[in-house]
Amino acid sequence: MLPVGPEGPRRAAPPAPPWRSVFRPGAPRGIVRFASLSYAGGVNYEAILTIEPGKRGGKPCIRGLRITVYDVLEYLASGMTPEQILEDFPDLTAEDIRACLAFAADRERRLMTG
């Protein structure tokens, strides 16, 4: 049963997306920066990952590069070590890889609790 307010029945709020994104003031138009949770001893991916609608189909990318979070996760899942990824992609840093993992963990946590 829907809750009833002074205007009649209220609809339930739509579910939150698996990750929360916000537009940051001062960021170039069309770029989305993530609002993330901080993890004890972890990395805050907010300043590292961006979404640009015209780049890689709007998938989360690392620092505006054309390397997506999913690319890095697939490399790790295929057995590459972080050192091998850094060797193949000199524009990436170890913190970029940790940001991808933190993003994936945060998204999974939100899917499980949402």
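Numbers at a glance
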item	result
Filter result for Pro60 (in contact with a Leu (Cβ under 6 Å, 6 or more places away or on another chain), at pLDDT 55 or above and surrounded by 13 or more Cβ atoms within 10 Å (Cβ to Cβ))	yes
Complete set of residues in region 53-82 that are touching a residue at least 24 places away in the same chain (Cβ under 8 Å), small (Gly, Ala, Ser) and either assigned to a helix (DSSP H, G or I) or at positive phi (or both)	Gly64
Top-ranked residue in region 83-97 [being part of a helix (DSSP H, G or I) and surrounded by fewer than 17 Cβ atoms within 10 Å (Cβ to Cβ); ranked as nearest to the chain's Cα centre (by Cα)]	Glu95
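The values are calculated or read from the model by the stated rules, or taken from the named source; none is laboratory data. From a predicted model like this one, the values you see are computed outputs, not experimental measurements. Because the Cβ atoms are built from the backbone with ideal geometry, glycine has one as well, and the counts that use them run over all protein chains shown.
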